[in-house]
Each structure stands twice: as C-alpha cells, then as structure tokens.
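Undergrad: Structure incoming, see below.
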Amino acid sequence: MQHSEEVEALSARAAALAENIRRVILGKDTQVDLAVVALLSGGHLLIEDVPGVGKTMLARSLALSVSGAYRRIQFTPDLLPSDITGTAVFNQKTAEFEFRPGPVFANVVLADEINRATPRTQSSLLEAMDEGQVTVDGVTYPLPRPFFVIATQNPVEYHGTYPLPEGQLDRFCMSVTLDYPSEETERLVVGGQLEEHPVSALRPVLRADELAGLQRAVRSVRVDPDVLSYAVSLVRATRQDDGLALGASPRGSVFLVRAAQARALLRGRDFVVPDDVKALAVPVLAHRVIPASRSLGPEGAREAILRLMARVPVPVV
C-alpha cells in the first residue's frame, strides 16, 4: 500500500464523496457509506425499500458526485434488451451496419425499478455487470471504465414486477435499505425542499479517473490471513446452516473482502480489521442467501447472517 500521506489523501477523496452525498441524503450516514464502499470496491449496488424513502435520490446523488458519463434507465415491462445495450443500424450512405451504443455505455448507470422489466431484459445487464462489456450481434464492445450500476427496486409492490433471479442478485456487491427517516430528519428533508431540491445544487467532487485510481488503491489494502479466513468462514457457514435453503457463493467471499478493503480505505487505514468484515456481512451476504422458509423474506435472510456472525469466531488481529 502507499505511504501514510498517500493513504490520507486517498481517504480524504473518498470521504469528500460521502460528504457530498450527505448534503442530499439526510440522516442516512451508514447507507451513504455503504454506497460509497460499493463504488470503491468496483462492485455494483442494489437499493431495496418502499417507495418515497430516497432510493433513486441516493443513486442520483452518488452518480452526480462523480464527473463521468451518467445514464438513467427507467425499467418498464416493454423495455427491450437492445434499449439497454444498443443496436446495429443500417447506414444507407455506407451500405454497412453501424453500432449505436445504448445507455449502458456510461460510467454510472442507474437502473431504476429494475424488477419491472422482463427477465430477458434484466439478463441483458449480466454480461455488463460481470465482465464490463456487452455483446451485440456477435460483436463484443467494452464499456467505459470505471463502470458502476446502481439498481433500485420496491420489495413491497409485486404487481407487474419480475423478481431478480439469484444469478443476477449475486452480481451486486451489496444490497442496502434506507428505512423511514426519524421525525427530526423528515422535518429537515421537507424544509430543505420548500424552494428547490438540494440535488439540483450538487456538483461533482471526484473525476472518473480519480475514481479509477481509488478503486485500484482499494486492491492494495492489506488483508491479514486471519481476517481473510474469518470472511471466508462466514460465507461458508451460510452453506451449512439449516435455516438457509441457499448459501452465498464464492463471489460473496470475494465481494466481502473487497468491500472490507474499501471500508478500511474510507476510514483512513491501509489494512482491514475484523470490524470491517462484521459491518459489511449483512449488506454483502443477505441478498445472496435464501431462507429455508421463503415466507421469512429479506428480513429472515438478514437475521440468518446475524445469527451466523454470533457463531463464527472473530480473530484477534
């Protein structure tokens, strides 16, 4: 990892990004930090909660805080895969087909209400999220770097929606919920929007190339072998728990460690501690597991992860 001065400078950039988002998203410091950690780790973010609590606003605030190309895709039942990835169009002048990129060709892509699109359209994001490229008519096109997908969905209203399959959920580094604000925070939110929305005054605080540099720096954050073993043990415990019908995949282990590295950098450290893993276990793993009783839903998945955290020994580093 870099010298302490470099670590402080990198951490300050990451902290400035989080602080900029907090100008719009009030009273949700933990969720804002998680969103920034997902971005720095090089993964993707899923925001799930009831309507009106700020899911899309958190996504927009994060996107607008990075001065890269930003696209918003409103997912609807009639959306086609080509509406996302792009399509080949015949050029009469050259008598050749030319590829016209879709909105997925951006640094930050907001997939709003992703579960309202059909499974076929949802799956068009799989290659983009996993490999940073799209293939159209047999030709592969690389996406801009960095590339970050923020998806939102409403877990309450199921009419006209298509639940995300496990394979697609596994592509997201983490899933966060916002919950209702406190009474005091709600007063601040309403008062702050009497004249105009605070997001209209938001300005970028991080260039796309600076973000790419932060993501590279995250990979250099030291992970003690005992901490790595602890993270892997947590993930493996999900596959052996009687209360879970499906445990987390090895991709969950990778994202848990990488997110812990990002959290450490955000807090000014060049090394990961067990508390980084513990703080991220639920947001990184809960959406990857399925309770044995599906009626328990997401809350049952979160409780299962907390139960396993209490059971798996924490290393002393």
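Undergrad: Taking the Cα centre of the chain as origin and charging only Cβ (+1 Lys, Arg; -1 Asp, Glu), how large is the dipole, in debye to the nearest 20? Display every interim value, and only then the final one.
TA: Details: 33 positive and 38 negative charges, 86 e Å.
Computed charge dipole of the chain: roughly 420 debye.
Undergrad: Looking at Pro274, Ala301, Val314, which one has the Cα that reaches farthest to the positive end of the dipole of the stretch 221-317 (charges on Cβ: Lys, Arg +1; Asp, Glu -1)?
TA: Of Pro274, Ala301, Val314, it is Ala301.
Undergrad: I would also like to ask the following. Looking at the square roots a ≥ b ≥ c of the eigenvalues of the Cα gyration tensor of the chain, which shape do they give, rounded for a/c under 1.5, prolate if a/b is larger than b/c, or oblate? Show your work: numbers first, answer last.
TA: Details: a/c = 1.34, a/b = 1.25, b/c = 1.07.
It comes out rounded by the Cα gyration axes.
Undergrad: Would you mind checking which residues have amide H under 5 Å from Val136's amide H? H placed 1.01 Å from N; only 5 or more apart, or other chain.
TA: Here Tyr141 satisfy the definition.
Undergrad: Same structure again: By the scheme Lys and Arg +1, Asp and Glu -1, what is the net charge of all other residues having a beta-carbon under 9 Å from that of Val7?
TA: My count for the surroundings of Val7 gives -3.
Undergrad: List, in order, the whole-Hz ³J(HN,Hα) value for each residue of the stretch 39-45 obtained from phi through the Karplus relation with A = 6.51, B = -1.76, C = 1.60 and θ = phi - 60°; use x for Gly and Pro.
TA: Result, ordered by residue: 5, 5, 6, x, x, 10, 10 Hz.
Undergrad: A follow-up question, please. With θ taken as phi - 60° and the coefficients 6.51, -1.76 and 1.60, list the Karplus ³J(HN,Hα) couplings across the stretch 282-288 in order, rounded to whole Hz; mark glycine and proline as x.
TA: Ordered by residue, 3J(HN,Hα) equals 5, x, 7, 9, 4, 7, 9 Hz.
Undergrad: Would you kindly work out the equivalent ellipsoid of the stretch 1-155 from its C-alpha gyration tensor and give its semi-axes, the square roots of five times the eigenvalues, largest first in whole Å?
TA: Each semi-axis is the square root of five times an eigenvalue, giving 31, 20, 12 Å.
Undergrad: Right, something else. For Phe97, enumerate residues with amide H under 5 Å from its amide H, sequence gap 5+ or separate chain, H modeled in the peptide plane.
TA: Answer set, sorted by chain and number: Asn91.
Undergrad: Add +1 for every Lys or Arg and -1 for every Asp or Glu among the other residues with Cβ under 15 Å from the Cβ of Phe99, and state the total.
TA: -3
Undergrad: Okay, next question. To check you understand DSSP bridge types, tell me what percent of the beta bridges within the chain (both residues inside) are antiparallel, rounded to 5.
TA: Looking only at bridges with both residues in the chain, the antiparallel portion is about 40 percent.
Undergrad: Then there's this: Run the reach check for Lys28 against lysines, Cα to Cα strictly under 18 Å, same-chain hits fewer than 8 apart removed. What comes back?
TA: Lys55
Undergrad: Can you give me the pair-distance distribution of the stretch 221-317, C-alpha pairs, 10 Å bins, whole percents?
TA: Using 10 Å bins, I get a P(r) of 18, 50, 25, 6, 0 for the stretch 221-317.
Undergrad: I would also like to ask the following. Listed highest first by mean packing, meaning other Cβ atoms within 10 Å per residue, what order do 223-231, 58-66 come in?
TA: With the highest mean Cβ count within 10 Å placed first, the list reads 58-66, 223-231.
Undergrad: Moving on. From the phi angles alone, apply the Karplus equation (6.51, -1.76, 1.60; θ = phi - 60°) to the stretch 222-239 and give each ³J(HN,Hα) in whole Hz, x where the residue is Gly or Pro.
TA: Each residue's phi maps through the Karplus curve to give 5, 10, 4, x, 5, 5, 4, 5, 5, 4, 5, 4, 4, 5, 5, 5, 5, 8 Hz.
Undergrad: What does the charge dipole of the stretch 221-317 about its Cα centre add up to, to the nearest 20 debye, if the Cβ of each Lys and Arg holds +1 and the Cβ of each Asp and Glu holds -1? Intermediate results must be reported in sequence, preceding the final value.
TA: Values: 14 positive and 9 negative charges, 43 e Å.
Once rounded to the nearest 20, the dipole reads 200 debye.
Undergrad: Mind checking the dipole of the stretch 1-138: about its Cα centre, +1 per Lys or Arg Cβ, -1 per Asp or Glu Cβ, Debye to the nearest 20? Provide the component values of the computation, followed by the final result.
TA: Details: 12 positive and 18 negative charges, 101 e Å.
Using only the charged Cβ atoms, the result is roughly 480 debye.
Undergrad: Given only helices, namely DSSP H runs of n ≥ 4 each adding -39500 (n - 2.57), what is the per-residue ellipticity at 222 nm of the chain, to the nearest 500 deg cm²/dmol?
TA: Rounded to the nearest 500, the figure is -13500 deg cm²/dmol.
Undergrad: Also, quick follow-up: When Lys and Arg each count +1 and Asp and Glu each count -1, what net charge do the other residues less than 9 Å away from Val109, Cβ to Cβ, add up to?
TA: Around Val109, the surrounding residues sum to +2.
Undergrad: Scan the chain and hand back the longest stretch that contains none of the GluC sites (Glu not before Pro) lying in DSSP loops with at most 14 other Cβ atoms within 10 Å.
TA: Result, exposed sites excluded: 1-156.
Undergrad: Which loop-located chymotrypsin sites (Phe, Trp or Tyr not before Pro) does the stretch 86-178 contain, where loop means any DSSP state but H, G, I, E or B and the Cβ has at most 12 other Cβ atoms within 10 Å?
TA: Tyr158
Undergrad: At most 16 other Cβ atoms within 10 Å and a DSSP loop assignment: could you name the trypsin sites (Lys or Arg not before Pro) in the stretch 87-167 that fit?
TA: Here the trypsin sites (Lys or Arg not before Pro) that fit, given the DSSP loop and packing criteria, are Lys93.
Bear in mind that the values in this text are calculations on the coordinates, not laboratory data. Predicted model, so just to flag it, every value in this text is computed and none were measured. All Cβ positions, even for glycine, are placed from backbone atoms using ideal geometry, and neighbour counts span all protein chains on display.
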